[in-house]
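Reviewing the structure listed below.
The values are calculated or read from the model by the stated rules, or taken from the named source; none is laboratory data. Here the structure is a predicted model, which is why all the values come from computation and not from measurement. Accessible surface is based on the protein model in full, side chains and every heavy atom, while ligands, DNA and RNA are left aside. Shrake-Rupley method; radii C 1.70, N 1.55, O 1.52, S 1.80 Å.
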Amino acid sequence: MQHYLILCRSLTYAQRAQRAVERAGGTGTVVKAPQEVTGGGCTYGVRVPAGKVDIALAAIRRAGLPMGKTYGYEPDGTLKEVRL
């Protein structure tokens, strides 16, 4: 898996999470989560490179931001839930 998707409650939380990740030296992009993982809701997340996922998760936790499940992008583009 080359990228991970960390789900957030809202667009605002995803933007805050992205800023926290970048302040910690990681990189992240706010994306609208595909419906295959949201159950039809309007959910956003932060897409981070695999090499920076530990930094990203620690930064989001340190900032006290709520986060949902984490998914890894499979080579065919589908998402698979992972526990990190």
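Starting from the amide H of Leu79, placed 1.01 Å from N in the peptide plane, find each other amide H under 5 Å away whose residue is 5 or more places distant or on another chain.
Glu74
Just to make sure I understand: if all protein chains stay in place, what is the order of Arg16, Arg23, Arg47 by accessible area at 1.4 Å, largest first?
Numbers: Arg16 110, Arg23 175, Arg47 85 Å².
From most exposed to least exposed: Arg23, Arg16, Arg47.
Express the accessible area of the chain per residue in Å², computed with a 1.4 Å probe while the remaining protein chains stay in the model. Don't jump to the answer; show the numbers that get you there.
Values: 4800 Å² over 84 residues.
For the chain, the solvent-accessible area averages 57 Å² per residue.
At 1.4 Å probe size, what's the solvent-accessible area of Glu74? Round to the nearest 10 Å².
The accessible area comes out at roughly 60 Å².
5 Å is the cut-off here: which amide hydrogens, built 1.01 Å from N in the peptide plane, fall below it relative to Thr43, excluding neighbours closer than 5 in sequence?
The answer is Ala33.
Taking amide hydrogens as modeled 1.01 Å from N in the peptide plane, which residues meet the under 5 Å criterion relative to Lys69, leaving out close sequence neighbours?
Under 5 Å from the amide H of Lys69: Leu7.
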